[in-house]
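Only one structure is covered here, and it is reproduced in the block below.
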Amino acid sequence: MKTDEIRTRFLEFFRKRDHRVMASDSLIPHNDPTLLFTGAGMNQFKEQFLGTRPTDFTRAATCQKCLRTGDIDHVGVTPWHMTFFEMLGNFSFGDYFKKEACQWAWQFMLEEMSQPTENLHVTIFEEDDETLRIWRDNIGVSEDRIWRFDEKENYWPECAPSKGPNGPCGPCTEILVDTNPNGPKDRTPENDSQRFVEVWNLVLQQFDRQEGGKLVPLPSQNIDTGMGLERMAAIMQGVPTNMDIDVMLPVVQAAAELAGTKYLPGNRNDTDQRLRRIAEHVRAVAFCIADGALPDRYGRGYVVRKLIRRAALDGRHLGITGPFLPTLVPVVEQMMGGTYPEIGQRRETILNILEAEEKRFATAIEESVGIRQFEDAIGRLKADGREAMDAEAAFQLYDTHGIPIEFMEQRLQEEGLGFDREGFEQAMDQRRAQSRAGSGFGDEAIVFKREALSPQALERLHRENLATEFDGYDATESEATVLAIFADDEWVEKAEAGQDAQVLLDRTPFYARSGGQVGDVGRLLTDDAEAQVMDTILDHGFIVHRVIVRRGHIRQGEKVTASVDADRRLDTVRNHTATHLLQWALREVLGAHVHQAGSEVKPDQLRFDFTHPTAMAPMEIARVEQMVNDRILEGHGVGVATVPIEEAREAGAMALFGEKYDDEVRVVSIGDFSKELCGGTHIDMVSRIGLFKIVSESAVAAGVRRITAKTGRGALDHIFQRENLLNVVLNRLKAKPDEESLKAKLDAKDRKIKDRENELAKARSLTKRGSLDEVIDKVEDVGGVPVVVGRVEGADAGALREACDAARAKLTSVLIVLAGCEGNKINLVAAATNDLVGKGVHAGNLIRAVAEAVGGGGGGRPDFGQAGGKNAAALPDALAAVPDLVRGQLDAAG
């Protein structure tokens, strides 16, 4: 049975049982600060499970795109682990419960999947006798095929009864398939998870865990199930692993063809494991990029980059040269594009980003000056008999030379060496903290104890059934009532002066940070109190005002005047509407492959990220800027309409990467040329933007560019600053404010600089040649080895390397050791011709010994080494000891 048919059968099975079949959510969770990626089918229904979002349905079924990286090291190795997978699920929000969930799951497995009863086993939570009776008495499962497991295995959240967290929880029951029913009888679900494969997990959300571990029955019990589509397909198709099913095998085989090898399904050798991993990671990355998760250094972008690099390294190991991952994307599209059209819609973006990122990674490996140091470090580890590289050494190589951690990790593994990944991550976290500390935000920045609502706060809001009406599209001030106040994660009756808190109102004009637009700031006022709103965020559908009480106190239940900083809002909406004009102009100038890949709309500027493989030419930037300003001068109105999402799509409205939209959406239109789905606030006429000025265009990630621009007052301030800077330059050059005069002055300056550079280079060359000739003339024979030892005053490491190369070119057989002092810093290099290396000379070890004598360190290869030191007084003796060091090497070589 094909994978597509299993998916269709599942959804139709539950559609016939009154479930609302919903489309898969994006891989990027929205309005949930706690998640990097959508990892389960229930993620898009959190608000329904919490009861914070009223809906006209109580049953749902989905096939959800999911990404989990907890078992990333097992991908391609075990039969069942994947990072990206599809999860089939049926859900009940206070409707049916255990009996129906178990009966339907069993019926689907028997009737739709034609699974023999004797091949199916079930697991339950060890204390859940109710579910045991349903399986045994109602459904007729033999008790010898019902297995009890503890709260670690069969409870959600894991170990919730004993360890928490507080809030909704419940036991799990699972359906397992015996993939080898004729196998040994001593193998059971308790001791063989590879043979007895879990395909369906039913979470029975039954209790409210309260303080002290007390489990109180929920007034509204829920069902949340998940079936692994790939696992089910592997079982139905009788193949040994998830990677051998119909939608995955062609991708694996395409990778094998590139590697010039033949793939053997289920084979556990190194080659076939790498091929499976390449195919799995390429599919995962294609879906991530299609949903707007792009390679980056942090967060979800770090995960995407890691997947790309792991796949690229596997390809290199298999002998595939050059960027190859993009060639596999069309195969992924062929297999899955019918179900997920976003792969085809974003094809060019996926290909461009993958190719650029893979090339960047190859460059980092092949051209990094630190690779030699890393390989030397591996040699020292093995020579010293050590089993692992310490985290600090790895971090220094990563931080100083940019050696990708994935490369180091795999090379160490190939050499049988370990790596302290946890220590490396701690060093990374420390560096990030240092970067934040040096980012320019001083004491003026407000540091809140918490941004998002705590799980306890969300659970309390659910019980209280509270919600906020947003009326800020047409107003910047509202009369409102305080619904809830949270301080230090506690629900409090009031917030006192000097206290920071999270406040919810029954209605608000404050726009909550989302869709790239920053949250509004302003004030909450009563006759006796004032709270400054520092930010407004959207958390699980709740509009949260982050406030500092400046005077008096704000109390739950009292009336307040909610007042947005109107000037700041106006500057923000100018920039927001300008991003719509900018996207239109970019697509006109660069092409239809341009899609928004992120944005940040603030009062002082806008930042717009978009998909494009190369840097924009100055003429392209100028044209885009001119087109936006032309539209502003034309004075088009900005129209807003709320329509069904299908109607909006049919009208050609553009949507954001991976954005989640309701059935009814806001469409923002400008003239007849721009139409986008957008929930943000906007200007009513584009003429009120005033002026649009691009400040910069740069790379933000492989295949993604970033434009920073300003509008209105911000644009004028930027132009005034540039004029002032130009006036300073004109005064320094004594030039008139016209192009001809300025160009003449600059040309004259350039000629003077070039003349001085030529004179300096000539002098340096003469000095270097004289010093080198003087040194080379002093060749000493040491046990049949021509040795040159010298000191070149003022030479840096680069000059010493050049001198060594020149000496080896001039003398066919030589060991040359040079030192140069720059202030208190000593530079040391050693180089040996190949004939001397064959006799046992090792330049790297030699220069390390010299460096240690002058209080430093270093090393290198047999033919070349580099080091440094700091004790200049010890340098003469250290150089004098070189002949003895050479004799020692010759004696050791026999």
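The values are calculated or read from the model by the stated rules, or taken from the named source; none is laboratory data. The model shown is predicted, which means the values in this text are computed figures rather than measured ones. Please note: Cβ atoms are built from the backbone with ideal geometry, for glycine as well, and neighbour counts cover all protein chains shown. For accessibility, only protein heavy atoms count, side chains too; no ligands or nucleic acids. Shrake-Rupley method; radii C 1.70, N 1.55, O 1.52, S 1.80 Å.
The residues of region 127-140 that are in contact (Cβ under 8 Å) with a residue 24 or more places away in the chain and either open to solvent by 90 Å² or more (accessible area, probe 1.4 Å) or touching a strand residue (DSSP E or B) at 6+ places or on another chain (Cβ under 6 Å) (or both), listed by number, are GLU127, ASP128, THR131, TRP135.
Listed by position, the helices (runs of 4 or more DSSP H) contained in region 38-139 that have at least 2 residues being at pLDDT below 95 are 46-50.
Taking each residue of region 712-734 that is open to solvent by less than 80 Å² (accessible area, probe 1.4 Å) and looking for partners that are part of a helix (DSSP H, G or I) with beta-carbon atoms closer than 6 Å, six or more apart or interchain, yields GLY712/ARG574; LEU733/LYS745. Would it be correct to say that ALA873 is more than 43 Å from the chain's Cα centre (by Cα), modelled with pLDDT of 90 or more and open to solvent by 50 Å² or more (accessible area, probe 1.4 Å)? So ALA873 does not fit the description; no.
With a cut-off of at least 2 residues that are over 26 Å from LEU88 (Cβ atoms) and without any contact (Cβ under 8 Å) to a residue 60 or more places away in the chain, name the strands (runs of 3 or more DSSP E) lying wholly within region 161-233.
196-210, 214-228
Can you name every residue in region 835-870 that is within 20 Å of ARG791 (Cβ to Cβ), touching a His at 6+ places or on another chain (Cβ under 9 Å) and either surrounded by fewer than 22 Cβ atoms within 10 Å (Cβ to Cβ) or free of Cβ contacts under 8 Å to residues at least 12 places away in the same chain (or both)? Correct list: empty.
For (1) closer than 19 Å to ILE719 by Cβ; (2) out of contact with any helix residue (DSSP H, G or I) (no Cβ under 6 Å at 6 or more places or on another chain); (3) buried (at least 19 other Cβ atoms within 10 Å of the Cβ), each residue gets a yes or a no:
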site: THR642; (1), (2), (3): no, yes, no
site: ALA648; (1), (2), (3): no, yes, yes
site: ARG666; (1), (2), (3): no, yes, yes
site: LYS675; (1), (2), (3): no, yes, yes
site: ARG688; (1), (2), (3): yes, yes, no
site: ALA699; (1), (2), (3): no, yes, no
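A search for C-beta distances below 9 Å between a residue of region 102-115 that is closer than 15 Å to LYS2 by Cα and any residue that is assigned to a loop (DSSP other than H, G, I, E, B) and not polar (S, T, N, Q), counting only pairs 6+ apart in sequence or on different chains, returns MET113/MET1; SER114/MET1.
Inside region 525-534, residues that are surrounded by fewer than 24 Cβ atoms within 10 Å (Cβ to Cβ) and assigned to a strand (DSSP E or B) make up a count of 5.
I'd like to verify a number: residues in region 1-33 that are in contact with a strand residue (DSSP E or B) (Cβ under 9 Å, 6 or more places away or on another chain) and either over 21 Å from ALA105 (Cβ atoms) or small (Gly, Ala, Ser) (or both), how many? The qualifying residues number 9. Looking at THR339, THR321, THR327, just one residue is at pLDDT below 90 and not charged (D, E, K, R), and that residue is THR321. Scanning region 304-319 for residues that are open to solvent by 20 Å² or more (accessible area, probe 1.4 Å) and part of a helix (DSSP H, G or I) turns up ARG305, LYS306, ARG309, ARG310, ARG316, HIS317. Can you report the number of residues in region 835-852 which are under 15 Å from LEU818 (Cα atoms), in contact with a Pro (Cβ under 8 Å, 6 or more places away or on another chain) and of a type in the set (A, V, I, L, M, F, W, C)? Count: 1. Picking from residues in region 375-399 that are over 24 Å from ARG297 (Cα atoms) and open to solvent by less than 20 Å² (accessible area, probe 1.4 Å), the one that is farthest from the chain's Cα centre (by Cα) is LEU381. The residues of region 244-268 that are free of Cβ contacts under 8 Å to residues at least 60 places away in the same chain and within 18 Å of ILE320 (Cα to Cα), listed by number, are VAL252, GLN253, ALA256, GLU257, GLY260, THR261, LYS262, TYR263.
For (1) under 29 Å from the mean Cα position of the chain (by Cα); (2) on the phi < 0 side of the Ramachandran plot; (3) touching a residue at least 60 places away in the same chain (Cβ under 8 Å), each residue gets a yes or a no:
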position	(1), (2), (3)
PRO613	yes, yes, yes
ILE632	no, yes, yes
VAL643	no, yes, no
SER669	no, yes, no
